[in-house]
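Only the coordinates and a few stated rules stand behind these numbers; no lab work does. All values reported here derive from a predicted model rather than from experimental measurement. Glycine gets a Cβ as well: all are built from the backbone with ideal geometry, and neighbour counts include every protein chain shown.
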Amino acid sequence: MRVEYDREICIGMFQCVAEWDAFEEDQDAGKAVLADAEETEEDLFVREVPEGAELDAKFAARACPVDAIAIYDDDGEQLIP
């Protein structure tokens, strides 16, 4: 399972931070940061979801008010927008 985070879309509500510790607050930028992620395109960050963190990652994606976080299964099918 992997998570994709579009930092450009983020509006800095930080609800993802409360749901999964892989997200951190960047108060200076007013946006969340996805720790240990690789920037694959400008402002698009991707990382694998560690075993045992799947539920937290899904909660973080669902909590995002602007759908800046997407979750994909191992086959590349989008589970959460």
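³J(HN,Hα) across region 24-29 via Karplus (A = 6.51, B = -1.76, C = 1.60, θ = phi - 60°), whole Hz, x for Gly/Pro?
10, 7, 10, 4, 5, 8
Over the chain, what is the relative contact order in whole percent, taking alpha-carbon pairs under 8 Å and six or more residues apart?
Details: 152 pairs, mean separation 31.3, N = 81.
Dividing the mean separation by the residue count of the chain yields 39 percent.
Starting with the fewest neighbours, write out 44, 55 ranked by other beta-carbon atoms found within 10 Å of each beta-carbon. Spell out each step's value before the answer.
Working: 44 17, 55 11.
Ranking 44, 55 by Cβ neighbours within 10 Å, fewest first, gives 55, 44.
Residue-wise, which Karplus ³J(HN,Hα) couplings in Hz belong to region 9-19, taking 6.51 cos²θ - 1.76 cosθ + 1.60, θ = phi - 60°, and x for glycine or proline?
These are the phi-based 3J(HN,Hα) values: 6, 3, 10, x, 7, 6, 5, 5, 4, 5, 8 Hz.
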